[in-house]
Amino acid sequence: MTDLAARPHGRLAGVRNALTPREWARAAAMAATIIGLNVLGWGMLAAAASGHYHITGTQLFGFGTGVLAYTLGIRHAFDADHIAAIDNTTRKLVHDGKRPLSVGFFFSLGHSTVVFALAVLLNLGIRALNGAVKDDSSGLHTYTGIIGTSVSGTFLFPFRDEFRGQRSSSTGIMGRGGHGLHRRIH
């Protein structure tokens with residue numbers, strides 16, 4: 001055990017001296033922002049779960065959905081690509097002689113802002129398309145039907161030889177002369 005670890009006051013002084021007063025102020029501002037955003041988020045969840053926001057005429061946005069989203073977001077924060085991005089940036093700044101105290105904070109703030117903005121845009125898009133989705137004769141159904149069929153056909157085109165030997169479903173999967181998919185699979 002080192003001399004510093006043996007003395008609790010020495011350890012506390014070491015932590016206190018690790019940052020300058022300006023850096024401590026920045027760390028406190030980041031902590032206050034994180035706490036404030038969490039309070040705001042949980043407050044919004046409480047407002048949504050209290051029955052003010054309906055998903056449909058009979059379903060409410062539930063508290064469990066918000067807790068699930070929060071925990072999945074925390075889990076997502078520890079994905080390897082995020083950790084690597086923060087680590088690489090931190091190492092670069094340390095190599096350049098800087099003190100990268102807020103790299104992770106600004107990465108997470110930027111990432112969550114993008115995710116939040118995309119969620120708002122998705123919500124607005126869903127609301128805008130609601131009528132067109134419900135109407136079977138809308139242009140949306142017509143054009144997406146054409147696009148969906150074209151994409152599927154384009155994807156399946158390279159496999160056309162696999163399906164040429166097959167007959168209708170009444171003849172089974174064997175196709176002509178037993179050369180269909182069943183025979184190729186087995």
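The values are calculated or read from the model by the stated rules, or taken from the named source; none is laboratory data. Every value quoted in this text rests on a predicted model; they were computed, and no experiment measured them. Every residue, glycine among them, receives a Cβ derived from its backbone with ideal geometry; neighbour counts consider all protein chains shown.
Listing for the model above:
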{"quantity": "The range 78-89 residues that are in the same structural domain as PHE107 (by TED's automatic domain parsing), paired with ones that are surrounded by 10 or more Cβ atoms within 10 Å (Cβ to Cβ) (beta carbon under 6 Å, 6 or more apart)", "calculated": "ILE86/VAL103; ILE86/GLY104; ILE86/PHE107; THR89/VAL103"}
{"quantity": "For GLY131: the one exception among (1) more than 30 Å from ARG16 (Cα to Cα); (2) in contact (Cβ under 8 Å) with a residue 40 or more places away in the chain", "calculated": "(2)"}
